[in-house]
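Reviewing the structure listed below.
The values are calculated or read from the model by the stated rules, or taken from the named source; none is laboratory data. These numbers were taken from a predicted model, which means no experiment stands behind them. Here the Cβ is made from the backbone with ideal geometry for all residues, glycine too, and neighbour counts use every protein chain on show.
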Amino acid sequence: MRKTLPNTGLSWATLQSELIQAGSRDVKWREGRAAVYVFNSGEDVMQVAHDAYGMFIAENGLGPAAFPSLKRMEQEVIEIALSLQQAPEGAMGSMTSGGTESILLAMKSCRDWSQQHRPVLGKPKVVVPYSAHPAFNKGAHLMGLEIVRMPLRTDFTADVTAMAEAIDSRTVMVVGSAPCFPYGVIDPIPELSKLAADRGLWLHVDACVGGYLSPFMRCVREERQLPPLTSWDFSNTGVSSMSLDLHKYGYAAKGASTVLYRDKSMHDAQIFDFADWPCERMTTPTFAGTRPGGAIAAAWAVLHYLGFEGYLDRARRIDAVRERIGDFCKDNGLSVHGDPQLSIIAFGDPSGDILAAGEGLYKAGWFSSRVRKPDGIQVMLSPQHDKVVDTYLDEVMRQVQRVRVQGTRSSGDVRYS
């Protein structure tokens, strides 16, 4: 039977109880049992985001004249993002609702900018590595673009030579990830940057996962005297735009992301401006009209609450957990996919069905993604995972041994959304 509105309102106590009950079967992310969807940086950070969001829960980012506070906070968030990504003078950006919107806006901007500056005949084409996020296909579907996905190198990074061969007269954009979601490896952005510059193309770097983590992980690797991260940011002169999520490793409230552009003309191509209706001119920088002021305020507050040292501390913790999982895999006959250096690590089992082990982990209350080509369990780490990593790995070992001994086969379902 269809749900209907109650005749009389219910008390908050009743509703609160129902909400608690509704969430009782959700993954226990506060206990560190979720390795996707939630980015737990500690209860203090959660509280800052919660309180800041609540202070601006009714304010609307659509109206900067009415809410100059939001305009100022958004601008400061963008300036911080640009500085972290070594953007040149004149670079610009916007806050968005999430990574998908950031990617779609970059694709829309590229399409419209190219029509003006580098027009092509026929359907504009975007060349991406096989590991690129599905949002690029969503954007192509919505905007009348063609997507071409190219195979990866043996280290699971983008094959720049193959991508170069796929470029033709209709190509307007090439894409790299920093890192890609499936394997957590950074594509060779310097090589892609040179390719884009040589061919006169727009390079978008999808740093939705790594954008607010990589600058601090670079410092961690310097501290540990390890080889530097692959360069991913605007210091590569061929990079035209970047997407980076505040609600991932910026630890802000959902939904908050950023899309950045090398110069004003590229950002201008993102903006919608319309005047032919009774209320005259309406200008929106993103796809949304109304934008929640709480998301802007929470992002601003968390960035300033943590500061450089706070983010660096959390990067150190994530790095230690990833290293712990990598060592565990090496010691127990599991194989790590590629050379992940940030927060995502995917691992397989040459001696058994790792997807079956992943299904066992899920039944035991541990929620993570699984990948194919090759099969693997994939975890996206948060700082708070340092409190549960040993317990998690104990369960991984139990499930792996169970599958190895019993020869258990998986259902083959690897969906994570």
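Quick notes on this one:
- When residues of segment 1-14 are limited to those that are of a type in the set (A, V, I, L, M) and outside any helix (DSSP H, G or I), the one surrounded by the fewest Cβ atoms within 10 Å (Cβ to Cβ): M1
- Which numbered condition I271 fails, given (1) at pLDDT 95 or above; (2) assigned by TED's automatic domain parsing to the domain that holds P190: (1)
- Matching residues, segment 88-105, being out of contact with any helix residue (DSSP H, G or I) (no Cβ under 8 Å at 6 or more places or on another chain) and buried (at least 23 other Cβ atoms within 10 Å of the Cβ): S102, L105
- In the set G250, G293, only one residue is free of Cβ contacts under 8 Å to residues at least 60 places away in the same chain and within 28 Å of F216 (Cβ to Cβ); that residue is G250.
- Scan segment 336-351 for residues that are aliphatic (A, V, I, L, M) and free of Cβ contacts under 8 Å to residues at least 24 places away in the same chain and the total you get is 1.
- Residues in segment 196-250 that are hydroxyl-bearing (S, T, Y) and more than 25 Å from V38 (Cα to Cα) were compared, and the one that is farthest from the chain's Cα centre (by Cα) is T237.
Residues are listed down the side, and each one gets a yes or a no for (1) acidic (D, E); (2) farther than 25 Å from G255 by Cβ; (3) in contact with a helix residue (DSSP H, G or I) (Cβ under 9 Å, 6 or more places away or on another chain):
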| residue | (1), (2), (3) |
| --- | --- |
| G139 | no, no, yes |
| M150 | no, yes, yes |
| T157 | no, yes, no |
| M163 | no, yes, yes |
| R170 | no, yes, no |
| P179 | no, no, yes |
| G184 | no, no, yes |
| E191 | yes, yes, yes |
| G210 | no, no, yes |
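- So M242, is it touching a Phe, Trp or Tyr at 6+ places or on another chain (Cβ under 8 Å), among the aliphatic types (A, V, I, L, M), surrounded by fewer than 24 Cβ atoms within 10 Å (Cβ to Cβ) and under 18 Å from Q85 (Cβ atoms): no
- When R221, R199 are screened for being in contact with a strand residue (DSSP E or B) (Cβ under 8 Å, 6 or more places away or on another chain), more than 20 Å from L104 (Cα to Cα) and at pLDDT 95 or above, only R199 passes.
- Unique residue being more than 23 Å from the chain's Cα centre (by Cα), surrounded by 10 or more Cβ atoms within 10 Å (Cβ to Cβ) and of a type in the set (S, T, N, Q) when the list is S24, S17, S41: S17
- Candidate set: segment 201-234, residues that are among the β-branched types (V, I, T) and buried (at least 23 other Cβ atoms within 10 Å of the Cβ); chosen: the one farthest from R314 (Cα to Cα): V205
- Yes/no for F181 being surrounded by fewer than 24 Cβ atoms within 10 Å (Cβ to Cβ), aromatic (F, W, Y) and over 11 Å from the mean Cα position of the chain (by Cα): no
- Residues that are part of a helix (DSSP H, G or I) and surrounded by fewer than 17 Cβ atoms within 10 Å (Cβ to Cβ) within segment 278-304 comprise just one, H304.
- Residues of segment 260-286 that are among the β-branched types (V, I, T) and within 23 Å of I57 (Cα to Cα): T283, T284, T286.
- Inter-residue pairs, beta-carbon under 8 Å, first assigned by TED's automatic domain parsing to the domain that holds D155 and free of Cβ contacts under 8 Å to residues at least 40 places away in the same chain and in segment 165-178, second outside any loop (DSSP other than H, G, I, E, B) and of a type outside the set (K, R), 6+ apart: A166/V127; A166/V148; A166/M150
- Filtering segment 352-360 for residues that are loosely packed, with under 14 Cβ neighbours inside 10 Å and either outside the structural domain of Q225 (by TED's automatic domain parsing) or free of Cβ contacts under 8 Å to residues at least 12 places away in the same chain (or both) leaves an empty set.
- Filter pass, G326 being without any contact (Cβ under 8 Å) to a residue 40 or more places away in the chain, over 21 Å from V205 (Cα atoms) and not hydroxyl-bearing (S, T, Y): yes
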